[in-house]
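Asker: This structure is in structure tokens; I'll ask about it shortly.
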Amino acid sequence: MMADMWSRGSVPGWAVSADEAGRLVLDQAFDADSLHELRNAVLAAAVDAGMPDDQAAQVMLAVHELAANAVLHGGGAGWARMRLVGAQLHCRVSDIGEHVPDGQAHGTGAAASWQVQPGHGLWLVQNIADNFSVASSLGGSAVNAVFAVREFRGGVSDQ
């Protein structure tokens, strides 16, 4: 699994300070073979952060779309981070920027065999998230999505 090859901080720009690590609710590498694990982890982290179940499911869908894009177009793998800041859940999905031609994603997972409609994933995330930004360079891409936690009931960073 390509995601296993990456250790925390081994990819430029992905180092986590001790202060930031204390606020993280998810910090996970992924590739095509581990997208299902990422979906489960995102859903659990969103619920643990205080989101109602329906909103947590929307966050899971959005992060999955971003991760699938990273697998299909950004080198076959990436990294997902989520942190709770007050009553907002900040999600960042990054890739390493090595473009993989359509239909040639690394791994044997379901993401590689799904039919893709270009542009729908980012459109979906942009419509679900309260704030959305994309930054790309030769070193990779990072998409940030922020979700206001409805019915905020306190979360892991308030302990």
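Please treat every number below as a calculation from the coordinates, not as lab data. What you see is a predicted model; the values in this text were computed from it and never measured. Here the Cβ positions follow ideal geometry from the backbone for every residue, glycine too, while neighbour counts run over all protein chains shown.
Asker: Using amide H atoms built in the peptide plane, which far-off residues or other-chain residues are under 5 Å from Gln88 H to H?
Answerer: Excluding prolines and chain starts, which carry no amide H, the hits are Val149.
Asker: Using a 10 Å cut-off around each Cβ, can you sort Leu61, Leu89 from fewest to most neighbouring Cβ atoms?
Answerer: Numbers: Leu61 17, Leu89 29.
If I rank by nearby Cβ atoms, fewest first, I get Leu61, Leu89.
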